[in-house]
Amino acid sequence: MLRLSGRALYNRGVLSERIEFRPEADFEVFSAIASCPAVFLLRGEDANSEPYVSKTANLRRRLQRLLSRPEERTRRLNLRERVRWIEYTLTGSDFESGFLLYKVLRDAFPRRYSNRLRLRFAPLVKLHLGNEFPRASVTTRLGRLTGQSIPGKNVYYGPFASRVAAEKFMNDALDFFKMRRCVDDLHPDPQFPGCVYSEMKMCLAPCFRGCSDDEYRSEVTRVQNFFDSRGDSLRRQIAAERDGASTKMEFEAAAAIHGRLNKLSSVLQHLPEFVRRIDQLHAVIVQRWVGKTGRGLGWPGGDARLSTGSVGSVHPESVALFRVDGGAISGPMEFPISPAEHTKSQSMEARIQAALLSFPAAEPVSAMERMEHLAILKRWCYRGSRAGEIFLADGKGDLPMRRLVRGISRVYKGEAQESEVAKPVP
């Protein structure tokens, strides 16, 4: 039985192990494969043939079902006579399995992988800053992301669990501002009668020159600051107005402003913690790590006889870290719990920071790829039973290091996660 290992040999580094399968030596193959979660690919003799790709909670058992001698009078799928190569990577969590499966399918089926994954793009709130009279809308399409230093570009906020949730938050938030709600491209005309929002004094009415361009731009800036700070900018403003009215002993006005503050608090209470401005969405995800022991030797184009079994085992001293940068996911990276000799003098926080600095951020080649990463992230974040933990950076890009250290300890020990994810100060 031939076994090759090394990420550079095949699948562009996606899968890490490769074993030659021969039906007459199936017992030896099954014995060499771990009973662990994994993502795997089965390929025939022809390297250009269509492979079978899937993930499983028990790789050995799944391969035995697919590659053992077929039972009589059964319709169960059997690939025993069609498979020559088994390629796989053991995984430590369902999140890692899902992300790795996405990468393998994207590589194996570049035109059809999206249909196989059934990804639902994450709903986002889009601020159309490129429009002459900016407005907000809900979309699942992501354009090119740019930083704050480049004016006049659209910005996106999310991911939300559903389009309904995104629309409700957007509409409830815009009730506190006078930015337009209409979707038309405006051509301001003083003769235009306006709409219901202008009649209710809920819009500055740029459609009939009800305000100057500078006044409308100022209102749009307030809306963007609201979304960027997750509502904190408006909360501080209203609280200051209430305190000012109270100081002047205008108690009726203070009570009315306090009621407005309570309404805002109710809106923000239902804002998911995962929602961020997409180009500022930075986080670290902590998952279990699975290692491989007893690897056989191999080299490109050469034969290697498997002398020992390949046994997957959860590393007792490691966890897996994933980076999220601008909604794009990279990883996993093994992070040892016990420090190496040259890092024993460092604190855990310093070791984590050093590891993340050496861990390259993902660089999606297109907006579509970033949307796919956001869809995978959204699927995991809003799952009812979610394994692993996520720690979000604040508005300055700083991670909650103390909480991250405790989270790594919990994942390593298999303890239950905290009831809430990190709540950074904007």
**Complete:** Log entry, pairs with first residue in the stretch 214-226 being closer than 16 Å to Arg181 by Cα, second being part of a helix (DSSP H, G or I), beta carbons closer than 7 Å, six or more apart or on different chains, reads Tyr216/Pro206
**Item:** Only listed residue being open to solvent by less than 50 Å² (accessible area, probe 1.4 Å), closer than 22 Å to Ala38 by Cα and touching a Ser or Thr at 6+ places or on another chain (Cβ under 7 Å), chosen from Arg386, Arg323
**Value:** Arg323
**Fill in**
In the stretch 55-104, anything among the hydroxyl-bearing types (Ser, Thr, Tyr), within 20 Å of Glu28 (Cα to Cα) and in contact with a strand residue (DSSP E or B) (Cβ under 7 Å, 6 or more places away or on another chain) is listed as Tyr88, Thr89
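Results for (1) closer than 24 Å to Glu273 by Cα; (2) out of contact with any Leu (no Cβ under 8 Å at 6 or more places or on another chain); (3) surrounded by 15 or more Cβ atoms within 10 Å (Cβ to Cβ), shown as yes or no for each residue.
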| position | (1), (2), (3) |
| --- | --- |
| Asp175 | yes, yes, no |
| Cys207 | no, no, yes |
| Ser212 | no, yes, no |
| Thr221 | yes, yes, no |
| Thr247 | no, yes, no |
**Request:** Select from the stretch 393-426 the residues that are open to solvent by 70 Å² or more (accessible area, probe 1.4 Å), among the acidic types (Asp, Glu) and at pLDDT below 90 and write down the one among them that is farthest from Leu271 (Cα to Cα).
**Result:** Glu415
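Just a yes or no: is a residue in the stretch 86-101 open to solvent by 30 Å² or more (accessible area, probe 1.4 Å), of a type in the set (A, V, I, L, M, F, W, C) and more than 15 Å from the chain's Cα centre (by Cα)? Can you show your working first?
The initial filter retains those residues of the stretch 86-101 that are open to solvent by 30 Å² or more (accessible area, probe 1.4 Å), namely 94.
Those still in the list that are of a type in the set (A, V, I, L, M, F, W, C) too: none.
Scanning the stretch 86-101, I find no residue that is open to solvent by 30 Å² or more (accessible area, probe 1.4 Å), of a type in the set (A, V, I, L, M, F, W, C) and more than 15 Å from the chain's Cα centre (by Cα), so the answer is no.
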**Complete:** From the option list Val183, Val196, single residue qualifying as farther than 30 Å from Ala393 by Cα, open to solvent by 60 Å² or more (accessible area, probe 1.4 Å) and in contact (Cβ under 8 Å) with a residue 24 or more places away in the chain is Val183
**Subset of the stretch 301-346 [among the basic types (Lys, Arg) and modelled with pLDDT of 50 or more]** = Arg323, Lys344
**Prompt:** When you look at Arg65, is it part of a helix (DSSP H, G or I) and surrounded by fewer than 16 Cβ atoms within 10 Å (Cβ to Cβ), yes or no?
**Reply:** yes
**Message:** I'm told Leu79 meets every condition in (1) part of a loop (DSSP other than H, G, I, E, B); (2) open to solvent by 30 Å² or more (accessible area, probe 1.4 Å) except one. Can you identify the failing condition by its number?
**Reply:** (2)
**Item:** Failed item in (1) out of contact with any helix residue (DSSP H, G or I) (no Cβ under 8 Å at 6 or more places or on another chain); (2) on the phi < 0 side of the Ramachandran plot, with Gly414 passing the rest
**Value:** (2)
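The values are calculated or read from the model by the stated rules, or taken from the named source; none is laboratory data. Everything numeric in this text was worked out from a predicted model, so none of it was measured. Every residue, glycine among them, receives a Cβ derived from its backbone with ideal geometry; neighbour counts consider all protein chains shown. We work out accessible area using only protein heavy atoms, side chains counted, and drop any ligands, DNA or RNA first. Shrake-Rupley method; radii C 1.70, N 1.55, O 1.52, S 1.80 Å.
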